[in-house]
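Inspection log for the structure reproduced underneath, given as structure tokens.
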Amino acid sequence: MLAAGHLQILGILGEAFAPVDQEYLDQARQMQALSFAAHIPLVCFGIAFPALVVFLEWLHLRTGDPLYRVLAMRWSKVMLALFAVGVVTGTILSFELGLLWPNFMATFGAVFGLGFALEGFSFFLEAIFIALYVYGWGRLSPRAHFLCGFPIVLTGFTGSLTVIAVNGWMNHPTGFSIRDGRAVDVHPFEALFQNSYFWHELVHMYLAGFIVAGFVTASVYAWGSLRGRWGRYERTALVVPLTVAALAAPAQVIVGDWAARDVAKEQPTKLAALEGLGETTRGAPVHLLGWYDNGEVKYGIKFPKLLSVLAFHDPNAEVKGLDTVPADEQPPVNVVRFSFQTMIGIGVGFAMLGVFYVAALLRHRRLPRSRWFYRALVAAGPLSLVALLAGWVTTEVGRQPWIVYDVMRASEAVTGAGGIPIGYTTLALVYAGLVAAVVWILRRLAGAPLDFPGGTTHVAQ
């Protein structure tokens, strides 16, 4: 997490480690990617999971049913554990920005520093109220405890909002001018909240948060149902997150179309890489699967004019190809295409699963009974993480070679310091330890007996 003091330190580091030709550029990218891969799933839970917990507590207050309170208590402990791990991964990311990309921080810190400062305030408020919430069960009045949950939900949104705003600015930089290699005439609010990428990235990421948190949580209880653990507690624990994810998944398809049209307008090279369009074409096609080589997609399934329709809602619209920029300004096409099609394929599958679930719920007033449905839910948990990471690969790698689109290359921002492979190895070991710790904590929480009023440890079927 970055506060104002951190930005000053990173600015000093930026002056100290000016960019040079860096043989470890790929390792620096991979090191940053590893940290993002570890942190972004936790961001999703930070966005969505508090809302699920507070909703369960609201159901308890409204109905008096102790099951909802027990479930909210157990999930609040999971929320605390994931928040603690997120603190570690977020802090690592903060320092990586200064240590790996010092010229980026030194040049543009004044532009996006406000966003990270606001994220820091959100983090501290979230930490305070999570502590009050988790340790306030039975100590605070029911109303006071319930109200303590709202700042957690709010700060989970605002903390991620400011970071998403920074990423949107990196994709569509505005709100500054460059003079003598430094950003001047800075307008932070314009840069962060008036760039054209902000709104679609924000909505896309928030829906992704509920999809990931919903399907991952539901997959745990779906696995239990396949093994015979299927009481009222388990059914409730599955229905709440699954319903949220099922509603968010079809909406994500619409938001994805919105995002793609913004990409077509502001980053045509990225769009060309997404679809492997080598030459500028009117009535451009889409190729499903296949391999990009020498300016064309080979072995793919061709859908004529579909790219022009999706990007501009016009089957004869001109779509710019990779031939409009030099080869050294083109992203790695096959990496971007594979990640993009992976995200789209899983996303469409989730939308279909969500529609099936909601239709069955409305028609039969009960959960589907097919074991294949629960097998699909078990698979949906890890697949949601795959889709999340594939989406971020699409966004970040598709912008390459630019760290700030069309303004600063990653090679200009990277540190000149050596030793990155050593740091990379150390970081991988740290994250392996964190994963082991999280698995151990969650297994302990899952194995703890249910604590219902009156000493009972089960709920009637």
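The values are calculated or read from the model by the stated rules, or taken from the named source; none is laboratory data. Bear in mind the structure is a predicted one, so any value in this text is a computation, not a measurement. As a convention, Cβ positions derive from the backbone with ideal geometry for all residues, glycine included, and neighbour counts pool all protein chains shown. Side chains are part of the model used for accessible areas, which takes the heavy atoms of the whole protein and leaves out ligands, DNA and RNA. Shrake-Rupley method; radii C 1.70, N 1.55, O 1.52, S 1.80 Å.
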Item to complete: Considering each residue of the range 298-310, count those that are closer than 14 Å to LEU271 by Cα and in contact (Cβ under 8 Å) with a residue 12 or more places away in the chain, and give that number.
Response: 4
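Matching residues to (1) assigned to a helix (DSSP H, G or I); (2) surrounded by fewer than 18 Cβ atoms within 10 Å (Cβ to Cβ); (3) at pLDDT below 90:
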{"site": "ILE12", "(1), (2), (3)": "yes, yes, yes"}
{"site": "ASP21", "(1), (2), (3)": "no, yes, yes"}
{"site": "ILE47", "(1), (2), (3)": "yes, no, no"}
{"site": "HIS60", "(1), (2), (3)": "yes, no, no"}
{"site": "LEU67", "(1), (2), (3)": "yes, no, no"}
{"site": "VAL70", "(1), (2), (3)": "yes, no, no"}
Fill in: Candidate set from the range 239-272 (those that are touching a residue at least 60 places away in the same chain (Cβ under 8 Å) and basic (Lys, Arg)); member that is most open to solvent (accessible area, probe 1.4 Å)
LYS265
Worksheet item: Got a sec? Which of LEU25, LEU2 is among the hydrophobic types (A, V, I, L, M, F, W, C), crowded, with 20+ Cβ neighbours inside 10 Å, closer than 21 Å to ASN103 by Cβ and at pLDDT below 85?
Response: LEU2
Worksheet item: Scanning for something open to solvent by 20 Å² or more (accessible area, probe 1.4 Å) and under 14 Å from GLY90 (Cβ atoms), does the range 153-163 turn up at least one residue?
Response: yes
Worksheet item: Here are some residues: LEU140, LEU114. Which one is in contact (Cβ under 8 Å) with a residue 12 or more places away in the chain and not hydroxyl-bearing (Ser, Thr, Tyr)?
Response: LEU114
Item to complete: Can you tell me which residue among GLU275, GLU296 is acidic (Asp, Glu) and crowded, with 20+ Cβ neighbours inside 10 Å?
Response: GLU275
Worksheet, complete the sentence: Of (1) open to solvent by 50 Å² or more (accessible area, probe 1.4 Å); (2) within 29 Å of ILE211 (Cα to Cα); (3) not in a helix (DSSP H, G or I), LYS302 fails just (2)
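Considering only the range 161-169, I want to know if a residue exists there that is within 25 Å of TRP58 (Cβ to Cβ) and part of a helix (DSSP H, G or I).
Looking through the range 161-169, at least one residue is within 25 Å of TRP58 (Cβ to Cβ) and part of a helix (DSSP H, G or I).
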Response to the item:
In the range 164-194, residues that are over 17 Å from GLN267 (Cβ atoms) and open to solvent by 30 Å² or more (accessible area, probe 1.4 Å) total 16
Item to complete: Working only within the range 429-449, note down all residues that are small (Gly, Ala, Ser) and part of a helix (DSSP H, G or I).
Response: ALA432, GLY433, ALA436, ALA437, ALA446, GLY447
Worksheet, complete the sentence: Flagged in the range 341-360 as free of Cβ contacts under 8 Å to residues at least 40 places away in the same chain, over 20 Å from the mean Cα position of the chain (by Cα) and open to solvent by 40 Å² or more (accessible area, probe 1.4 Å), in numbering order, are MET352, PHE356, ALA359
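In the range 305-332, which residues are touching a Leu at 6+ places or on another chain (Cβ under 8 Å) and open to solvent by 30 Å² or more (accessible area, probe 1.4 Å)?
Those that are touching a Leu at 6+ places or on another chain (Cβ under 8 Å) and open to solvent by 30 Å² or more (accessible area, probe 1.4 Å): LYS320, GLN330.
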Fill in: Residues that are in contact with a helix residue (DSSP H, G or I) (Cβ under 8 Å, 6 or more places away or on another chain) and open to solvent by less than 20 Å² (accessible area, probe 1.4 Å), drawn from the range 94-112
SER94, GLU96, GLY98, LEU100, TRP101, PRO102, PHE104, MET105, THR107, GLY109, VAL111, PHE112
Worksheet item: Would you call ALA413 of a type in the set (Gly, Ala, Ser), over 20 Å from MET205 (Cα atoms) and crowded, with 20+ Cβ neighbours inside 10 Å?
Response: yes
Worksheet item: From the list ARG232, ARG282, which residue is more than 30 Å from ARG443 (Cα to Cα), among the basic types (Lys, Arg) and touching a helix residue (DSSP H, G or I) at 6+ places or on another chain (Cβ under 8 Å)?
Response: ARG282
Practice prompt. Please go through the range 118-133 and pick out each residue that is hydrophobic (A, V, I, L, M, F, W, C), crowded, with 19+ Cβ neighbours inside 10 Å and farther than 16 Å from GLY86 by Cα.
Written response: LEU118
Discussion item. I'd like to verify a number: residues in the range 222-238 that are assigned to a helix (DSSP H, G or I), open to solvent by 40 Å² or more (accessible area, probe 1.4 Å) and either in contact with a strand residue (DSSP E or B) (Cβ under 8 Å, 6 or more places away or on another chain) or free of Cβ contacts under 8 Å to residues at least 24 places away in the same chain (or both), how many?
Written reply: 1
